[in-house]
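Worksheet for the structure shown next.
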């Protein structure tokens, strides 16, 4: 179906309506694939905690997702939010001002370009790496908290 509408692939067709460059999704997939250790650690922990003999990927799906394309949009949005929050907390007043300027844009600028102005380039793997690190830290904290019980 995507070829009829002159798209190279299904992903290009799916992202066209939102004007999201395929590089954003490519970076997401590539970066997650190269940083799978925290996810496997979480899955092993979840399997052990729930006393399951087997854990399937569908056991770990985000329950609010009914449309598979939403997963990517959600993941990129969360990655951007984590990167913005990290900058605001750790980089001082200039990062706070950039964030406030981003918010003041409203819908006047394409979101990816507004994020670049705020110091977060979703076309690069950096925000996704930050999100994976944040997730990994949360898994470690969860495991530590469960050890204390």
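Only the coordinates and a few stated rules stand behind these numbers; no lab work does. These numbers were taken from a predicted model, which means no experiment stands behind them. Please note: Cβ atoms are built from the backbone with ideal geometry, for glycine as well, and neighbour counts cover all protein chains shown.
Could the peptides 124-130, 83-89, 40-46, 53-59 be put in order, highest first, of the mean number of other beta-carbon atoms found within 10 Å of their residues?
On the way: 124-130: 19.7, 83-89: 17.6, 40-46: 14.7, 53-59: 8.9.
Descending packing order for the listed peptides: 124-130, 83-89, 40-46, 53-59.
Any idea what log10 I(q)/I(0) is at q = 0.17, 0.19 Å⁻¹ for the range 21-148, Debye with uniform C-alpha scatterers and no solvent?
-0.98, -1.13
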